[in-house]
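Here, each number is a calculation from the coordinates, and none is a lab measurement. Worth saying up front: this structure is predicted, and the values here are computed from it rather than measured. When we count neighbours, we look across all protein chains shown, and the Cβ atoms used for this are built from the backbone with ideal geometry, even at glycine.
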Amino acid sequence: MDTQKLRQRILDLAIRGKLVPQDPNDEPASVLLERIRAEKERLIAEGKLKRPKAKKSTDKSHYQNFTPPFDIPDSWEWVRLGDVCDVARGGSPRPIKSYLTYRVDGINWIKIGDTEKDGKFINSTKERIIPEGALKSRLVHKGDFLLTNSMSFGRPYILNIDGCIHDGWLVISPIGNVFDKDFLYLLLSSEYAYYQFSEKASGSAVSNLNSDKVAESIFPLPPLETQRIIVRECEKLTSFAQTIDNEKKDLEITIALTKSKILDLAMQGKLVPQDPADEPATDMLRRINPKAKIITDNPQCRNLPLGWTL
């Protein structure tokens, strides 16, 4: 079984609303969106968020030419990521060596190398920069999402620390309580998300994303409680897939050990019964090569079946 395909299939069903039953009593995503739009306007008024250059997020003409790629439950909504999240690119103070520091009050300098293979969170950094470097970079905070925007672009991580990011990262900061963080991680990890990012990636030598293109990506938004239920079900099913992986590895080890043991028994003459009527190996060797040297004084000879030789 290809467990990687199984995991992606689980994600695909999850974001289509087909993984768990829908509760008609849940608050629909449309109501959630109204609250987020009000929260966004408040943040803009307080100067904590910039108004997008395009049409206001409340203008539904944004979606007039949008054709849904698949059906979603009636209580879900399609949303542009930039309408419910702030999406921005990092910045790199240059030359970076001039801004690195070992001081304990330095600011975490978050790099791709600080991630773990198949990891979900970024928990620490190997380097820090001085506060002056932060003025030429971008501050990010615990709970923000980082998205690789070059080379292996489109890989999401959740921050467990505050720090600064270089221009190889995009930061996605959900506005208000629009997403369960684990659901957003699932959404951004899906093949559907990667397909969108791949379509929007540009660059002649290296594919890369920019904040505007990621903000234009359109995703399904379930009711908040449904998001939490989906996360729990996905965790249960992916745990099952991990168990299959572990058992596959154990089976591979067992098969390898079994093959080795079979060869060992065969070389010792213990794999099959010996026929005393067979021509002894010493006679066969002398018949094939009269000058062949027959070893008789090796202690290992005592462990071989009668008629065998070294």
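For segment 107-235, how big is the tail of P(r) above 19 Å, as a whole percent of Cα pairs? When every Cα pair of segment 107-235 is considered, 51 percent fall beyond 19 Å.
Coupling constants for segment 125-142 follow from the phi torsions by the Karplus curve (6.51 cos²θ - 1.76 cosθ + 1.60, θ = phi - 60°), and in residue order they are 10, 8, 10, 9, 10, 6, x, 4, x, 5, 5, 10, 10, 9, 6, 10, 9, 3 Hz; glycine and proline get x.
Axis of helix 29-45 versus longest Cα principal axis of the chain: the two differ by about 60°, to the nearest ten degrees.
Hand me the trypsin sites (Lys or Arg not before Pro) from segment 228-275 located in a DSSP loop with no more than 14 other Cβ atoms within 10 Å, in residue order please.
LYS270
Given axes a ≥ b ≥ c from the Cα gyration tensor, I'd like to know whether segment 170-310 is rounded (a/c under 1.5), prolate (a/b larger than b/c) or oblate. Prolate. Taking the Cα centre of the chain as the origin and placing charges on Cβ (Lys, Arg +1; Asp, Glu -1), which of THR282, LEU265, VAL178 is farthest toward the positive end of the dipole? With unit charges placed on the Cβ atoms, the residue in question is THR282. Charged side chains reduced to their Cβ positions (Lys and Arg at +1, Asp and Glu at -1) give the chain a dipole of some 1160 debye around its Cα centre. In plain terms, the residue of ARG103, ARG138 with the fewest other Cβ atoms within 10 Å comes first and the most crowded comes last, giving ARG103, ARG138. Here's the list of aspartates and glutamates a cross-link from LYS48 could span, going by alpha-carbon distance under 16 Å and ignoring same-chain residues fewer than 8 apart: GLU39, ASP83, ASP86, ASP144. The share of C-alpha pairs in the chain whose separation exceeds 32 Å stands at 47 percent. Length, then width, then depth: along the principal axes, the Cα atoms of segment 49-186 run 53, 33, 28 Å. Sum up the charges of everything whose Cβ sits under 13 Å from the Cβ of LYS200, counting Lys and Arg as +1 and Asp and Glu as -1, but leave LYS200 out. Computed value for this residue: -1.
Can you pull out the GluC sites (Glu not before Pro) in segment 8-55 that DSSP calls coil and that have at most 11 other Cβ atoms within 10 Å?
Here the GluC sites (Glu not before Pro) that fit, given the DSSP loop and packing criteria, are GLU46.
For the pairs LYS40/LYS213; LYS126/LYS213; LYS40/LYS181; LYS261/LYS293; LYS136/LYS213, flag any whose C-alpha to C-alpha distance is greater than 25 Å. Among LYS40/LYS213; LYS126/LYS213; LYS40/LYS181; LYS261/LYS293; LYS136/LYS213, the Cα-Cα distance tops 25 Å for LYS126/LYS213; LYS261/LYS293. For trypsin sites (Lys or Arg not before Pro), the sites in segment 1-54 that DSSP calls loop and that have at most 11 other Cβ atoms within 10 Å are LYS48, LYS50, LYS53. The H on the amide N of ARG128, modeled in the peptide plane, is under 5 Å from the matching H of THR101, TRP109, each at least 5 residues off or on a different chain. Measuring how big segment 254-310 is from its alpha-carbon positions, Rg and Dmax come out at 13.7, 44 Å.
Per-residue 3J(HN,Hα) values for segment 256-263, derived from phi via the Karplus relation 6.51 cos²θ - 1.76 cosθ + 1.60 with θ = phi - 60°, read 5, 5, 5, 4, 5, 5, 4, 4 Hz in sequence order (x marks Gly and Pro).
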